[in-house]
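Only one structure is covered here, and it is reproduced in the block below.
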Amino acid sequence: MFRYYSIIGQSVVYFFLIISSIFIYYFNLFLQWIPPQISVEVILSLFITFILIQPKVRTFIKRADIIFLLPLEVKLKSYFIKSLVYSIVIDVIKSLSLIIILISLFLHTTNISLPIFFVIMGIVSYNILMKWIEQWLENHVQLLLHRLNKFFSIYLMCYFLFKNGWIFELTLMSINFVYLIYFIGKKRNLNWQWLIDEEERALLRNFKFINFFMDVPNLKRSFRSRRMFSMILKRCIPYSQSSTLIYLYSHLFVRYNDYFYLYLRLTVIGIFVNYAMPTSGWVFNLLILFMTGFQVIPLQYEMKQTILLYPVSKSQRKDSFLKFVSVILYIQFFILYFAMFIHTSTSKIFSLVIGTLFVYVFVNFFISKRVNVSGSAFNE
C-alpha cells in the first residue's frame, strides 16, 4: 500500500495542491453565500461530521484467519487494542490535515489552540470506538439508531468546539465516553464475520481510490443492471461494427457503481456550485470535467481479453474510448452549463465556448496519451 501511495504522491502531488487550492477558494465563496441567519459554525460542523462519519477500522484480518485465530480469541486482546490505536492515529492524521488545509476558515470562527487539537483527537477516538461497537448490534433498527446517535453526537461536539462552548463540549464528551466504557466493558465474543467484512471494505476503498491513478489487478467491483439506462443506450447507439466498443464501454460505465456514482456525485456538486455561485462557476465546471475525465480513464482496463475476439482494429478501440469519454463529458458540461445559464445573464457564450474547447483539447491531447497504456487488456 505504501508503494502505491508513494507512486501516486510522486505523480499527482501538484494535482492535489491545485484541487485543494480551488476547493478552499470555492468553500470560502460558499460561506459568503450562506444567509446571515445561518452561522458558519453550523455549516462547518456539518461538513466535518460528514468527513468523520465513515471511519475505517483496520484489523488486517484475512478471511482464512478465522479458522486459526478463533480458538486464540482470548489471547488476541492486545492485538485488537493495537489495531484500534492504529485506526485512531490514521484518522487523527487525516482530520488534522483537513483542519490545517482549512485553517483560514477556522480562524473566522475560533482561535486555534492546543486544547482544540486534543478535543479533535477525542472526537476521532469516540468515532472509531462507536464504529467498533457496531459488530455487536443485533438488527438494522439498532444499527440505524446507533448511527443516528453517533452522527448527532459528533455534530454537537464539533459545533460546541467551534463556538467555544467548553462547558457543553466537555459535558457531552464525558457522557459519550461513559456510554462507550459501559458498552465495551461488557464481556462479549468478537464478531469475526464483521471484522473480516470491515477489513475487506476498508481495503477495497483504498484500492478503488488507487485505481483512479493506476491499474489495480483483481479489483472487485460492485455493479447493478440498471435496465432503464441499458434500454436508452440500445436506442441511442447505432447497431454497427464501429459502435461495438462504444456500446460495451457505455454499459460498463452505467453498470459499474464506482464510475456511475462518481459521475453522478461530481455532476450534482457542479450543479450546486453553479446555482450558489453562477458568476464564477465556469472555472469550477472545468475542474469537474477534468476530475471526471481523469477518473474515468481506468475504465479501459475493465475490458477483458475476450474483446480481442471482436474484429476491431487497435486504432478503432482507442477512437471508441475517446469518443465515449467525449460524449459523457459533453453531456456533463451541458448539464452544468444549463444550471449556470438559468441563473445568470453574463458570460454565457464565453462559458459555452471555453467548456466545449476544454473537453475537446482534454480528450484529444490529455486522455488520448493515456489510452492503451501498459497493463491495458488492449495491448497486443
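The values are calculated or read from the model by the stated rules, or taken from the named source; none is laboratory data. All figures in this text were calculated on a predicted structure; none of them were measured in a lab. Every residue, glycine as well, gets a Cβ built from its backbone with ideal geometry; the counts of neighbours run over all protein chains shown.
A few points about this structure:
- Helices (runs of 4 or more DSSP H) wholly inside the range 1-118 containing at least 1 residues that are modelled with pLDDT under 80 and out of contact with any Pro (no Cβ under 8 Å at 6 or more places or on another chain): 2-33, 40-52, 77-101, 103-106
This table checks each residue for (1) of a type in the set (Phe, Trp, Tyr); (2) not in a helix (DSSP H, G or I).
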{"residue": "138", "(1), (2)": "no, yes"}
{"residue": "141", "(1), (2)": "no, no"}
{"residue": "148", "(1), (2)": "no, no"}
{"residue": "151", "(1), (2)": "yes, no"}
{"residue": "155", "(1), (2)": "yes, no"}
{"residue": "159", "(1), (2)": "yes, no"}
{"residue": "167", "(1), (2)": "no, no"}
{"residue": "177", "(1), (2)": "yes, no"}
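- Of all residues in the range 131-181, those satisfying the criterion of being without any contact (Cβ under 8 Å) to a residue 60 or more places away in the chain, surrounded by 12 or more Cβ atoms within 10 Å (Cβ to Cβ) and of a type in the set (Ser, Thr, Tyr) are 153, 171, 179.
- Filter pass, residue 247 being under 17 Å from the mean Cα position of the chain (by Cα), part of a helix (DSSP H, G or I) and modelled with pLDDT of 85 or more: no
- Residue match in the range 63-72 (condition: of a type in the set (Phe, Trp, Tyr), exposed (fewer than 14 other Cβ atoms within 10 Å of the Cβ) and under 23 Å from the mean Cα position of the chain (by Cα)): no
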